[in-house]
1. Say we look at segment 202-241 and pick out the residues that are modelled with pLDDT under 95 and β-branched (Val, Ile, Thr); which of these is surrounded by the fewest Cβ atoms within 10 Å (Cβ to Cβ)?
2. Residue by residue through segment 124-143, note down the ones that are at pLDDT 95 or above and either more than 19 Å from PHE203 (Cα to Cα) or over 15 Å from the mean Cα position of the chain (by Cα) (or both).
3. Condition first: modelled with pLDDT under 95 and either out of contact with any Lys or Arg (no Cβ under 9 Å at 6 or more places or on another chain) or surrounded by fewer than 20 Cβ atoms within 10 Å (Cβ to Cβ) (or both). Now tell me which residues in segment 64-83 satisfy that.
4. Residue check: is ASN158 in a loop (DSSP other than H, G, I, E, B) and either in contact with a Pro (Cβ under 8 Å, 6 or more places away or on another chain) or aliphatic (A, V, I, L, M) (or both)?
5. Might you let me know whether segment 154-161 holds any residue that is over 19 Å from LEU232 (Cβ atoms), surrounded by fewer than 20 Cβ atoms within 10 Å (Cβ to Cβ) and either at pLDDT below 95 or among the small types (Gly, Ala, Ser) (or both)?
6. Taking only pairs six or more apart or across chains, which ones have beta-carbon atoms under 7 Å, a first residue in segment 57-73 that is within 14 Å of ALA89 (Cβ to Cβ), and a second residue that is surrounded by 24 or more Cβ atoms within 10 Å (Cβ to Cβ) and of a type in the set (Phe, Trp, Tyr)?
Amino acid sequence: MKVAIYLLAIINLSVSLPAQTFSYWNQIKGVNLILKPVSVDVDVKIIGGDETHPHSRPYQVGLLINGQNFCSGSLISPNYVLTAAHCTASASYVELILGAHNINIEETTQLRVTSRSIINHAEYKIPYEHSNDIALIKTPDHIVTNNYIQTIILPPINAGPYEGFTAALSGWGSTSESGTGISATLREVFVAVPRSAWCAEIFGSTYSESANLCTLGRGPVGGCNGDSGAPLVVGHDYLIGVLSFIATEGCEQNRPTGYSRVSHYRQWINQHTGL
């Protein structure tokens, strides 16, 4: 996871990346999720999960921000990755890690490239807010898909609201709130989508029912630092949310998780990608 409104930021890049060793990855820190106060207690925790079956989520992209911090994203076309703007708002460059399961090593399935440009939503604000917390990263070349690298399906405009659905959230973020690094292997949790009105009651007036959605963990599960920008999917790889914020109390304090609702931003995505 400074109040001036951003103009559209398109950052052209040409960067030589450092060699990455196990000790290098141990120093990488996950970008903190945005913290938001909640108004009532809820009986869930948002942390945990299990290691995914290797390469079962081939749309997942690891994002190494400025060689120092980590987020996740989703490959939505051979030329674009979708993520959270609070990951990229201050980025000079992003290394995209595709086809990965264990990011500590350079697996033969992996493709690592440097972003060509970054497009943050023009109305995303700093300090970090959960309004318009969405961004696109353009790949340097057309990404060739295979069994390990695939695009994810986007919902149509105003699809949803997905109330009552069980969704999957995956990422390399911290496995505990006290963790200082990120997970080496990709992990996933399954979470419930409650009524949108309930989410609005929990997060208050800055939560938008049209632009946001939230989830509850079924058991001690959910997103944490380093999972920012991670995909929330339903069905067979159908992208409905981009992980954006958690409650002020943190990852392990019985609170819900908040996302940017992808269907709300479909027109914006189309404007910049043609999708």
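1. THR206
2. Result: ALA135, LEU136, ILE137, LYS138, THR139, PRO140, ASP141, HIS142, ILE143.
3. Initial filter on segment 64-83 (modelled with pLDDT under 95): 64-72.
Within segment 64-83, ILE65, ASN66, GLY67, GLN68, CYS71, SER72 meet the criteria.
4. Working: in a loop (DSSP other than H, G, I, E, B): yes; either in contact with a Pro (Cβ under 8 Å, 6 or more places away or on another chain) or aliphatic (A, V, I, L, M) (or both): no.
Spelling it out, it is not the case that ASN158 is in a loop (DSSP other than H, G, I, E, B) and either in contact with a Pro (Cβ under 8 Å, 6 or more places away or on another chain) or aliphatic (A, V, I, L, M) (or both).
5. Looking only at segment 154-161, we keep the residues that are over 19 Å from LEU232 (Cβ atoms), and these are none.
No, every residue in segment 154-161 fails to be over 19 Å from LEU232 (Cβ atoms), surrounded by fewer than 20 Cβ atoms within 10 Å (Cβ to Cβ) and either at pLDDT below 95 or among the small types (Gly, Ala, Ser) (or both).
6. LEU63/PHE70
The values are calculated or read from the model by the stated rules, or taken from the named source; none is laboratory data. Given the structure is predicted, the values throughout are model-derived calculations rather than measurements. We place every Cβ from the backbone using ideal geometry, glycine too, and count neighbours over all the protein chains shown.
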